[in-house]
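Student: So that we are looking at the same thing, I have put the structure below in structure tokens.
The values are calculated or read from the model by the stated rules, or taken from the named source; none is laboratory data. Computed from a prediction, not measured in an experiment: that's the story for all the values here. Cβ sites come from the backbone with ideal geometry, for glycine too, and all protein chains shown count toward neighbours. These accessible areas exclude ligands, DNA and RNA; they are computed on the full protein's heavy atoms, side chains included. Shrake-Rupley method; radii C 1.70, N 1.55, O 1.52, S 1.80 Å.
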Amino acid sequence: MNMTDQAVAPLLRIADVTVRFGGLTAIDRVSFDVHPGELLGLIGPNGAGKTTMMRSITGVVRTTAGGVELDGVRLDGMPIERRIRCGLSLSQQLVKPFRGMSLLANVALAAGSAKTSSPLKSLLHLSRREELAVAREMLERVGIAQHAEQNPAIQPLGILKRLEMARALALRPRVLLLDEPLAGLNSKEANALSSTIQDINRQGVTIVLIEHNLGEVMRICSRLVVLDNGRKIAEGAPRVVMNDPAVRAAYLGGDTLASAAADQSDTTTACAALGGQHA
Amino acid sequence: MDYEISLLTTMSISVLFALSLNLITGFCGQISLGHATFLGIGAYVTALLGKAGLPFLATLPLSMLLAGAIGAVVGLASLRVRADFLAVTTMGVGFLFVGIIRQQDWLGGELGISGIGGSGLSKTGFMLLALLSTAAVAALCLYIRASWMGRVFNGVAEDEDTMRVLGIDVPRYKLAAFAIGTALAGLAGALYAHHLQFIGPDSFGFVESVTVLSMVVVGGIGSVPGVVIAAALLSALPAWFQFIGDYKLLVYGGLLFLMMRFSPGGMAGLMSRFFNPVQTSAKGER
Amino acid sequence: MLALELVAQGLVQGSIYALIALGLTLVYGLLRILHVAHAALFTLGAYVGVMVYNATGNLPLAFALAMVVAGLAGVATFRLAYQPILSQPPFVALIASIGLYIAAEETFRVVFGASGLSFATPPLQGQVALFGGIQFKTAELMVMLGTALIIAALGWLQTRTRVGVACQATVSDPQMAESFGISLRKVRDINFFVGSALAGFAGVWVALLNNLVEPTMGSVPSYKALAIIVLGGLGSVRGTLAAALVLGVVEAFGTIYLGKLLDRNAIAFAFLILVLMLRPQGLFATR
Ligand SMILES: Nc1ncnc2c1ncn2[C@@H]1O[C@H](COP(=O)(O)OP(=O)(O)OP(=O)(O)O)[C@@H](O)[C@H]1O
Ligand SMILES: [Mg+2]
């Protein structure tokens, strides 16, 4: 732990969270802090439990044990919608746009959260002008404004992933949780979108990013937490974490560990290799 | 002339009743197989209070209030169950209601309550009142559809899990839909009681719940104009074609089945398919 | 004494419920459809049974034909009514099914008349005293025995035969089953046939117990069978059996002790609602 950890209180604190599905322990006593203003990468091989971690933070999945705190407020036991209204926002791995409405309307629905906080309030508001403007801005930010009027049912995954992210952004969160936002994008698009993510972060939104594209993760994340088999196996600065033998083992499998570690002293090539395997 | 006035009143009450279910099932996506219960609650409240001497117009809000309150309780209970469970639970509420009425003498028991009346209005006046109420309710529905509430309902109907991730308090919205929809059904029930001047347990049973559902479905779930037209036509059908009288249920059942089998979007779906055959039409929002 | 009698009555009724609800559960487990029209096959079976018996005087033949006709009608229902709308949201099939049931009920009324049919010389009407004095009709004993036998046979078929195992596999994971070369279509056909044949079987028993078949005889069982499969946890065969028997007994006691307050149907549904409030996943759901 370095100086800054103690200096600033964490914005989001994950303390000893365990999640079990029947007999399977998907998350096993994982703890980490997310500091205000940081862009934290949450990585790990397929099935490591990253998505489950995000879902337990937002309350989509119930934690078996442990606690989540946002800015000193305990979120445990709160329903999803209250956690969201506390300032969390989740862009899900599995995209579920509303198919009955355009991309723009999808995002506007999220942007209207001030007007939908209670049924009575929602009944008293008709206009959607401001929300549509916000929605358009968000779509522009993630680079799909030209599809605004189209129906999500006919869009490819890359566009839907960005729609999902625009919707999450439209909630104006304090902590934005992104689950594989770059999936389904080609390398140019991925590069552009991860720069956007970096911009959003610089404008003051704290971000937790799950991503298999390790090249981009290395480029934009300030810190990494690595999960494997439901456990946290490493945490720290990206370069340090990437050279951690345990992390390499988790990604490459036990046997190849030694040779891989020996061959690749340069972190960036190692990352390219890791990214290539799991993108 | 009397006959036409009576028929128009009946049609208008049916439309009002169907619109109230459309709010719950069409707008908010919560299927109800026991909606006639709330028609019944409204009818019994106005009948009993009327017998006790309360003026007709004063009983109307009370009918709505009690129907809406019980509707909210049912809504609260059904928050615990989803989709298929909800359908069966609401159906159970319907059977429970009829079962209770049947065994209670002070509610008229099997025989029901007759000699309801004294709305103080002429037949034409009553028809106008019914038409006016129905028009007001239709306007309310259109308003809700255009408001943020309507947008939220739309989302809840399609995918409530995603709505929660967008920070929507889904249970409260469902409750709101139940409360508004059942209160409006109570209004329809009060009008119904004063129109027919007789009510009994069989007027509010499962068949009635299915009938009103068939109106909503045939009109096109969620479509206000579709439901208005379907409810008006289906309620007038037996009167216009005397021979149908005996086969009314056969026609209803058959229509319900054929509509779902060949055009799940109802008449509204048929229309939009007819007018823009290329686009896979999206409802409501554009 | 009264308590024992009520339990016995409840079990007789519960057996009938079980036979009807079983088919419903099979369909639900496989297709997630609340198959209200199932009760029309129950009524159909009853009509076939009475007509065959009145024509031939052969009860086993009456049962066999009732089951085959109901079973085939069930497969036809699936192919013509449900198969084309499987991809629609679930309420579509539910409402279609309700419409189908109402239309079927009315068709029975138009074709066979509203007053119904009865046996010319009703069989199995003798009285037997058991357990120190409780009176049973022979038919009542036979229905319990018949239900137990047929359910045991089904259980055996399901675990010991290729077809049975295929059916089970399909219920738990349709895609996986298909990739192992199990024909979904065949499994669905078989399920509808078996479930509907059971309903037909139940129909003949009810005809025997009441010595009457009428167009509306299916309506109460159809709604109650829905309550039962929900109580049983939707899709669980064992849960359904248990729920059917429990509900039969609850109703028998309820009509005696709560009859002043609620009628028989209301008791069943009050019980259902109560259970769902306490256990939203049903009485016997495993998850
Ligand atoms: N709802 C659930 N029920 C049962 N098991 C689940 C559930 N959700 C996830 N799991 C299991 O938990 C483990 C962790 O899954 P999770 O989706 O969190 O991994 P992940 O790190 O996000 O993987 P990926 O990189 O493939 O998205 C997996 O073994 C998965 O099968
Ligand atoms: Mg994941």
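Student: Search segment C:88-97 for residues being assigned to a helix (DSSP H, G or I) and more than 7 Å from every other protein chain (Cβ to nearest Cβ), and hand back the single one that is farthest from C:Ala73 (Cα to Cα).
Tutor: C:Ala93
Student: What number of residues within segment A:110-119 satisfy the criterion of being facing another protein chain (nearest Cβ under 8 Å), open to solvent by 10 Å² or more (accessible area, probe 1.4 Å) and without any contact (Cβ under 8 Å) to a residue 40 or more places away in the chain?
Tutor: 4
Student: Going by the structure shown, is A:Leu157 within 16 Å of ligand 2 (Cβ to nearest atom) and touching a residue at least 60 places away in the same chain (Cβ under 8 Å)?
Tutor: yes
Each row is one residue, and each column tells you yes or no for (1) surrounded by fewer than 20 Cβ atoms within 10 Å (Cβ to Cβ); (2) among the β-branched types (Val, Ile, Thr); (3) within 16 Å of ligand 1 (Cβ to nearest atom).
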| site | (1), (2), (3) |
| --- | --- |
| A:Gln155 | yes, no, no |
| A:Leu169 | no, no, no |
| A:Pro181 | no, no, yes |
| A:Ser194 | no, no, no |
| A:Gly204 | yes, no, no |
| A:Leu214 | no, no, yes |
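Student: Could I ask something else about it? For segment A:135-153, which residues satisfy the criterion of being open to solvent by 30 Å² or more (accessible area, probe 1.4 Å) and within 14 Å of another protein chain (Cβ to nearest Cβ)?
Tutor: Within segment A:135-153, A:Glu149, A:Gln150, A:Asn151, A:Ala153 qualify.
Student: Name the single residue that is nearest to the other protein chains (Cβ to nearest Cβ) among those in segment B:168-199 being crowded, with 21+ Cβ neighbours inside 10 Å and in contact with a strand residue (DSSP E or B) (Cβ under 8 Å, 6 or more places away or on another chain).
Tutor: The residue in question is B:Ile199.
Student: Please tell me if A:Glu189 is buried (at least 20 other Cβ atoms within 10 Å of the Cβ), more than 14 Å from ligand 1 (Cβ to nearest atom) and in a helix (DSSP H, G or I).
Tutor: No; evaluated as a whole, the condition is false for this residue.
Student: A further question on this structure: Which residues, taken from segment A:81-96, are more than 16 Å from ligand 2 (Cβ to nearest atom) and under 15 Å from A:Met53 (Cβ atoms)?
Tutor: The answer is A:Arg83, A:Leu88.
Student: I'd like to verify a number: residues in segment A:71-92 that are away from chain B (no Cβ under 12 Å) and in contact (Cβ under 8 Å) with a residue 12 or more places away in the chain, how many?
Tutor: Counting residues in segment A:71-92 that are away from chain B (no Cβ under 12 Å) and in contact (Cβ under 8 Å) with a residue 12 or more places away in the chain gives 5.
Student: Still on this structure: Could you figure out which of (1) in contact with an Asp or Glu (Cβ under 6 Å, 6 or more places away or on another chain); (2) within 16 Å of ligand 2 (Cβ to nearest atom); (3) within 10 Å of chain B (Cβ to nearest Cβ) isn't true of A:Val60?
Tutor: It fails just one condition, (1).
Student: Sticking with this structure for a sec: If a residue has to be within 16 Å of ligand 1 (Cβ to nearest atom) and buried (at least 23 other Cβ atoms within 10 Å of the Cβ) to count, how many in segment A:81-109 make the cut?
Tutor: 3
Student: Those residues that are closer than 17 Å to B:Ile24 by Cβ, hydroxyl-bearing (Ser, Thr, Tyr) and open to solvent by less than 10 Å² (accessible area, probe 1.4 Å), I need them from segment B:126-167; list them, please.
Tutor: If the condition is that a residue be closer than 17 Å to B:Ile24 by Cβ, hydroxyl-bearing (Ser, Thr, Tyr) and open to solvent by less than 10 Å² (accessible area, probe 1.4 Å), then B:Ser147 is the only one that fits.
Student: Which of the residues spanning segment C:263-279 are aliphatic (A, V, I, L, M), open to solvent by less than 20 Å² (accessible area, probe 1.4 Å) and facing chain B (nearest Cβ under 8 Å)?
Tutor: Hits for segment C:263-279 are C:Ala266, C:Ile267, C:Ala268, C:Leu272, C:Leu276.
Student: For segment B:1-119, please list each of the helices (runs of 4 or more DSSP H) lying entirely inside it that holds at least 1 residues being among the acidic types (Asp, Glu).
Tutor: Ranges flagged: B:2-21, B:83-103.
Student: To continue, here is another question. Kindly list the number of the only condition in (1) crowded, with 24+ Cβ neighbours inside 10 Å; (2) within 14 Å of chain B (Cβ to nearest Cβ) that fails for C:Thr77.
Tutor: If we test C:Thr77 against (1) crowded, with 24+ Cβ neighbours inside 10 Å; (2) within 14 Å of chain B (Cβ to nearest Cβ), just (1) comes out false.
Student: Of everything in segment A:34-59, what is within 14 Å of the chain's Cα centre (by Cα) and hydrophobic (A, V, I, L, M, F, W, C)? Give them in sequence order.
Tutor: If the condition is that a residue be within 14 Å of the chain's Cα centre (by Cα) and hydrophobic (A, V, I, L, M, F, W, C), then A:Val34, A:Leu39, A:Leu40, A:Leu42, A:Ile43, A:Met53, A:Met54, A:Ile57 are the ones that fit.
Student: Among (1) in contact (Cβ under 8 Å) with a residue 12 or more places away in the chain; (2) more than 7 Å from chain B (Cβ to nearest Cβ); (3) open to solvent by less than 50 Å² (accessible area, probe 1.4 Å), where does C:Leu100 come up short?
Tutor: C:Leu100 satisfies every listed condition except (2).
Student: Having 1 or more residues that are in contact with a strand residue (DSSP E or B) (Cβ under 6 Å, 6 or more places away or on another chain) is the bar; report the helices (runs of 4 or more DSSP H) wholly within segment C:147-246 that clear it.
Tutor: C:184-210
Student: Find the residue count for segment A:31-57, including only residues that are more than 11 Å from ligand 1 (Cβ to nearest atom) and either away from chain B (no Cβ under 14 Å) or among the hydroxyl-bearing types (Ser, Thr, Tyr) (or both).
Tutor: Residues that pass the stated criteria total 11.
Student: For segment B:148-163, how many residues are polar (S, T, N, Q) and in contact (Cβ under 8 Å) with a residue 24 or more places away in the chain?
Tutor: 1
Student: Additional query: Within segment A:33-47, does at least one residue satisfy the condition of being more than 13 Å from ligand 2 (Cβ to nearest atom), in contact (Cβ under 8 Å) with a residue 12 or more places away in the chain, of a type in the set (Gly, Ala, Ser) and surrounded by fewer than 22 Cβ atoms within 10 Å (Cβ to Cβ)?
Tutor: yes
Student: Now for a separate question. Taking C:Leu245 as meeting all but one of (1) buried (at least 24 other Cβ atoms within 10 Å of the Cβ); (2) farther than 17 Å from C:Val36 by Cα; (3) in contact (Cβ under 8 Å) with a residue 40 or more places away in the chain, write down the number of the exception.
Tutor: Every listed condition holds for C:Leu245 apart from (1).
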